[in-house]
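Please treat every number below as a calculation from the coordinates, not as lab data. Quick caveat, the model's predicted, so the values are computed rather than measured. Because the Cβ atoms are built from the backbone with ideal geometry, glycine has one as well, and the counts that use them run over all protein chains shown.
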């Protein structure tokens, strides 16, 4: 593995017993774990290529305990890695050998639901799906739906600004969170946003959402609830070319239609999914589109006609429309099973997450096929087509020497390609450790320095989740002195960690 | 007044020191404490469309481009700026059409449709700008879905020119609805209106905007707007009728006139200080009962426009106690010099905010005393 993490601090490692004792003084009983067997489940997140046992795991239950842990770590210069359910696909919760892993799973209560104001106040360890489950009987739901929603927590969603298949119409986490209670590394408890629709001063909530655990630890989240649409229908549309499918997506949007979801799968993805779940996907197509429409029944049936017409005009070879919720779920079952389906085609896969301008899709898929030949590894593509978010799954076998390195190199080439055509490194999975060293592909030194200065405003000692997001760790005092002219530093690169 | 036309010129101007007040068309000059000591940086040298491909739902434009031009451009393609921005000339006086898109973002201007479609901050995807250090930098991107790095676009939106001078920005645009229809309830009290709006928003009727005007042409009016495809609006109007009883329908021109009045707080008297209070929607009636004055509710009660002579401290206390805050939007120069425009923050939050401002502007180049 090519990842370099910050060198563990020998003095901190030597103080392990003292640190564990300090944590036990704050969180009693089973809330502090320091034996190897107990630490093992925390050594990785959903980016399983990387492992590291943390020094100690702390599982607080109250905001006061979180504040005490952070204040102690701040006073003692001990690093802290926050963790929700550990479903990050970018290594956001990868532990540090000399760091406290702060697990938020015990913050698992829904504190208040206000249907009149359409908000829920929840603790960060509540799972994404549990919010919807708690309000669905009243006809409401929480819109962002990352594919890990049964397990991932709302606190992790806030940290990663998680998305899902309905983002184009309903937004990411950042568009659906109204406020948080945040504990700073100094142990100060502050509230950002609230129940209202606008913050009083700077929109600090906006920068905390998606900050990947580098700015503070969230101990309470206020989310916006939406009334469940009256009906939802899905269309399953097959195309004999990727170009036709891509043009269909563009034409649907140009017609003024924003579907609730619009997903594309390429031929290998269709075959892998159908072999896995047998839901009747057409196998003789180069691209399959799932278009979900929601709203009043009259709207869905009207839009179904419009979308079908657009699809046929773009050479669709098959169109099926769901007649009930069971059939709609079946249309989605293959798409939602794409990742495990990939797991049956190859022993291991890497899931990438770039976004591109949609108009570049045919070109990007063609280049991806060339890269696939070059690296000698297969790739299957699922794609949030409405918002241009690509999820290429690179197939490899970790037991074959060199294949993980080849897969990582292939992945890096794909993300560089995304940036080259005007897109970005990550649409919803976060930078974490996975894309950290690619940040300079997208941002200049001046851009990164400005982001790091924001980090310094929250965490000047760089104790929160170091080694994530930024390829180089500059001390805050250096950043203050640094002057970047036209994107270039006037002095050579500082050594990486 | 400085008139930079290139990023290099802007970097030099900022590096030379402040205080500097960033300004687009000056439509919001009358907001904030007078700052006679600040040199004005006219950002209108950064004008024009950089890239616009409607099906991508992305528009990149230079910050000094007039808002009216941007809105006309996207309207020609059947699209809109969904956060419903507006020109403050109607609120503050001065010639219409001067407001720039950069000023709209810097002030975080969102109109009635913000209730359902998100605020300015939700539609700014990325930007280029120059920090108070005189350094050019980029944040965000030019695609609709991106989580790469900190979301500095949110931080810049509504920062009132205190972090960086935005030179270019990328916005998410959306298809404009094919039809708009406004439905009315008459004669409701503040409490009943807020309850009715909450019921409407909690239904599947997909209400775009909801406002209550207690004295619109002599009548208490509660307005709900439905946007979308005609068949869909018919179905949703029936849903609302079942929920709320008989509703009067306004045609599109009359509806537009009403929403323009809400957007600009037009029914409120111009000779009293004007406040913009953000409160939890259910608390709006309590807030206005505590403050007195003349008012209207937008965002189903979540935004209260309040024209009142009452002591500013009392207005802010009432807002704070309900979990809200109040911004002073319109007042004479003496009051603006004496009363902070933005609602004061609790000490730990204020300290964090100050550190974030210094992260962009360590020498206080943009600290003009206006805010």
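Hey, what's the Kirkwood Rh for segment B:179-263 if you take every pair of different alpha carbons, in angstrom? Walk me through the numbers before you get to the answer.
Numbers: mean 1/r = 0.0790 Å⁻¹.
Here the Kirkwood hydrodynamic radius works out to 12.7 Å.
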Problem set entry | segment B:94-141 versus segment A:1-70: alpha-carbon centroid distance in Å | 41
Problem set entry | Two-site FRET efficiency, residue A:313 against residue A:406, from Cβ-Cβ distance with R₀ of 35 Å, rounded to 0.05 | 0.25
For this session: Provide Rg over Rh for segment A:380-491; use the alpha carbon set for both Rg and the Kirkwood Rh (inverse mean inverse pair distance).
Result: 1.04
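Can you tell me which of A:366-377, A:457-468 comes out highest on packing, and rank the rest after it, using the mean Cβ neighbours within 10 Å? Provide the component values of the computation, followed by the final result.
Values: A:366-377: 15.0, A:457-468: 21.7.
Listed from highest to lowest mean packing, they are A:457-468, A:366-377.
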Seminar exercise, completed: A correct fewest-to-most ranking of A:73, A:456 by other Cβ atoms within 10 Å would be A:456, A:73
Exercise. By how many degrees, 0 to 90 and rounded to 10, does the Cα axis of helix B:190-201 deviate from the longest principal axis of chain B?
Worked result: 80
Seminar exercise, completed: For chain A, longest principal axis from Cα atoms; helix A:267-277 axis from its Cα atoms; angle between them, nearest 10 degrees, is 80
Exercise. In whole angstrom, and with the biggest value first, how far do the Cα coordinates of chain A range along each principal axis?
Worked result: 67, 56, 48
Exercise. Tell me, A:262, A:55, B:335, B:80 in order of fewest to most beta-carbon neighbours within 10 Å?
Worked result: B:335, B:80, A:55, A:262
For this session: Please identify which residues in segment A:340-374 have an amide N closer than 15 Å to a label point set 7 Å out from the Cα of residue A:150, following the Cα→Cβ vector.
Result: A:340-341
Exercise. Going 7 Å from the Cα of residue B:35 in the Cα-to-Cβ direction, what parts of segment B:148-180 have a backbone nitrogen less than 15 Å from that spot?
Worked result: B:158-166
Exercise. Distances over 23 Å make up what percent of all Cα-Cα pairs in segment A:204-320?
Worked result: 46
Problem set entry | Rg followed by Dmax, in Å, when segment B:100-217 is reduced to its Cα trace | 18.4, 56
Exercise. What is the distance, in nm, between label points placed 7 Å from the Cα along the Cα-to-Cβ direction at residue A:306 and at residue A:7?
Worked result: 6.2
Seminar exercise, completed: So, for the Cα atoms of the protein assembly as shown, Rg and Dmax in Å stand at 26.4, 81
Problem set entry | For chain B, diffusion coefficient by Stokes-Einstein and Kirkwood Rh (Cα), 4 °C, 1.567 mPa s, µm²/s | 61
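Report, please, the projected area of segment A:1-134 averaged over directions, based on the convex hull of its C-alpha atoms, in nm². Display every interim value, and only then the final one.
On the way: hull surface 37.9 nm².
Averaging across all directions leaves 9.5 nm² for the Cα convex hull.
Among A:398-411, B:207-220, A:242-255, what's the highest-first ranking by average C-beta atoms within 10 angstrom per residue? Write down the numbers at each step before the final one.
Working: A:398-411: 16.1, B:207-220: 19.5, A:242-255: 22.2.
Ranked by mean Cβ neighbours within 10 Å, highest first: A:242-255, B:207-220, A:398-411.
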Exercise. What spacing in nm lies between the two simple spin-label points modelled at residue A:258 and residue A:36, each 7 Å away from Cα in the Cβ direction?
Worked result: 5.4
For this session: Report, to the nearest 10°, how far helix A:361-375 tilts away from the longest principal axis of the Cα atoms in chain A, using its own Cα long axis and a range of 0 to 90°.
Result: 60
Exercise. Using a simple spin-label model with points 7 Å from Cα along the Cα→Cβ vector, what separation in nm is obtained for residue A:21 and residue B:191?
Worked result: 6.1
For this session: Can you put A:445, A:455 in order of Cβ neighbours within 10 angstrom, beginning with the fewest?
Result: A:445, A:455
